[in-house]
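J.: Provided herewith is a single structure, encoded as structure tokens, for subsequent inquiry.
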Amino acid sequence: MFTTLTSFSRARRTAIAALLLSLAPLAAHADALDTIAKNGTLRVAVPEDYPPFGSVGADMKPQGYDVDMAALLAKSMNVKLELVPVNSANRIPYLTTNKVDLVISSLGKTPEREKVLDFSTAYAPYFQGVFGPADIKVTNPADLTGKTVGATRGALEEIALSQMAPNATIKRFEDNNATISAFLSGQVQLIAAGNIVAAAILSKNPPRRPEAKFIIKDSPCFVGMNKNEPRLMTKVDDTIAQAKKDGTLNTMSKKWFNQPLPASL
């Protein structure tokens with residue numbers, strides 16, 4: 001009997017020890033929002049070579065829509081902001097290896113990315129569309145009948161527009177610069193491009209100023225964060241919602257994209 005009780009006691013202790021070991025990673029996991037508050041710093045991955053989302057200004061300081069978004073979040077958390085320049089290839093690895101707390105780098109949502117990180121609500125417009133001067137009345141693909149539209153050969157918007165507007169006259173060019181030049185010189189009435197291209201044209205303040213006519217494909221930008229951080233997610237989403245409500249995001253959109261924030265965002 002003594003041997004049996006002793007064996008039972010040992011087995012019980014072993015089971016308890018195994019349970020404690022299995023719970024150790026959960027206990028060791030620190031809540032990200034608490035960690036940010038404790039450190040007093042929000043580390044954000046931002047682009048450095050992708051204007052108007054992020055670039056280096058004449059004063060050698062980071063600037064852009066994403067930089068302003070990062071600053072807005074740091075302010076809402078009452079912490080300092082640390083900007084970490086990234087590119088498309090390393091922005092997600094920087095997050096998953098804990099080099100940054102958030103990724104704000106014109107990040108689109110895809111099923112593959114959703115396997116390794118979580119996304120906020122959309123904070124920035126990113127879309128392919130048809131753009132043109134205010135005096136050309138176009139609101140949908142059918143209105144392109146009889147119109148000439150410039151597009152970059154092989155680009156998403158060129159392929160999609162060919163299917164959406166078979167009666168449009170699409171003039172195809174080999175790169176974005178050639179497409180932009182064709183629009184500015186009047187070779188085409190309208191241009192099919194990303195809103196970033198349209199913003200680049202507007203920044204030059206040309207006589208023919210493109211405004212958005214309709215969206216071909218909508219692919220907005222989201223703040224990326226590590227998985228299973230519900231409090232951080234709520235804080236980010238609440239800040240974005242407030243910025244939409246009080247007009248802050250609309251002001252940022254006009255500043256960096258020269259267009260108001262789309263109603264669909």
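J.: Dipole size in debye (nearest 20) for the chain around its Cα centre, Lys and Arg Cβ +1, Asp and Glu Cβ -1?
T.: For this selection, approximately 400 debye.
J.: Count the DSSP beta bridges whose two residues both fall in the range 127-218, then state the antiparallel fraction as a percent rounded to the nearest 5.
T.: Bridges in the range 127-218 are about 60 percent antiparallel.
J.: Going by the alpha-carbon gyration tensor, a ≥ b ≥ c the square roots of its eigenvalues, is the range 127-218 rounded (a/c under 1.5) or, if a/c is not under 1.5, prolate (a/b greater than b/c) versus oblate?
T.: Verdict is rounded for the range 127-218.
J.: Now a separate question. Hey, how many Å between the Cα centroid of the range 53-69 and the Cα centroid of the range 141-208?
T.: About 27 Å separates the Cα centre of the range 53-69 from the one of the range 141-208.
J.: May I pose another question? Note down the relative contact order for the chain as a percent, whole number, built from C-alpha pairs under 8 angstrom at least six residues apart.
T.: Reported relative contact order: 23 percent.
J.: If I take R0 = 22 Å and measure r between the Cβ atoms of residue 137 and residue 160 in this structure, what FRET efficiency does the formula 1/(1 + (r/R0)^6) give, to the nearest 0.05?
T.: In this case the efficiency is close to 0.55.
J.: Also, I was wondering about something else. At a 10 Å Cβ-Cβ cut-off, how would you order 101, 135, 34, fewest neighbours first?
T.: Going from least to most buried by this count: 135, 34, 101.
J.: Along the charge dipole of the chain, pointing to its positive end and built from +1/-1 on Cβ of Lys, Arg, Asp and Glu, which listed residue (166, 228, 194) has its Cα farthest out?
T.: 228
J.: Still on this structure, please answer the following. Sticking with the crude label model, points 7 Å out along Cα→Cβ, report the distance from residue 76 to residue 263 in nm, one decimal please.
T.: In this crude label model, residue 76 to residue 263 measures out at 2.4 nm.
J.: If you stretched the chain out fully between residue 167 and residue 217, how much longer would it get, using 0.36 nm times the residue separation minus the C-alpha to C-alpha distance?
T.: Fully extending the segment from residue 167 to residue 217 adds 16.1 nm.
J.: Residues in the range 215-232 near a label at residue 116, defined as backbone nitrogen under 18 Å from the 7 Å Cα→Cβ point?
T.: 222-229
J.: Tilt of helix 65-77 relative to the longest C-alpha principal axis of the chain, in degrees (0 to 90, nearest 10)?
T.: The answer is roughly 40 degrees.
J.: Using 10 Å bins from zero, what percent of all Cα-Cα pairs in the chain falls into each bin?
T.: 7, 25, 27, 18, 11, 5, 4, 2, 1, 0
J.: Here is a further query. By how many nm would the segment from residue 35 to residue 97 lengthen if fully extended, with 0.36 nm per residue of separation less the alpha-carbon distance?
T.: 20.8 nm
J.: What share of the DSSP beta bridges in the chain is antiparallel, in percent to the nearest 5?
T.: 55 percent
Bear in mind that the values in this text are calculations on the coordinates, not laboratory data. Please read these numbers as outputs of a predicted model, since none were measured by experiment. Glycine also receives a Cβ, built like all others from the backbone with ideal geometry; neighbour counts cover every protein chain displayed.
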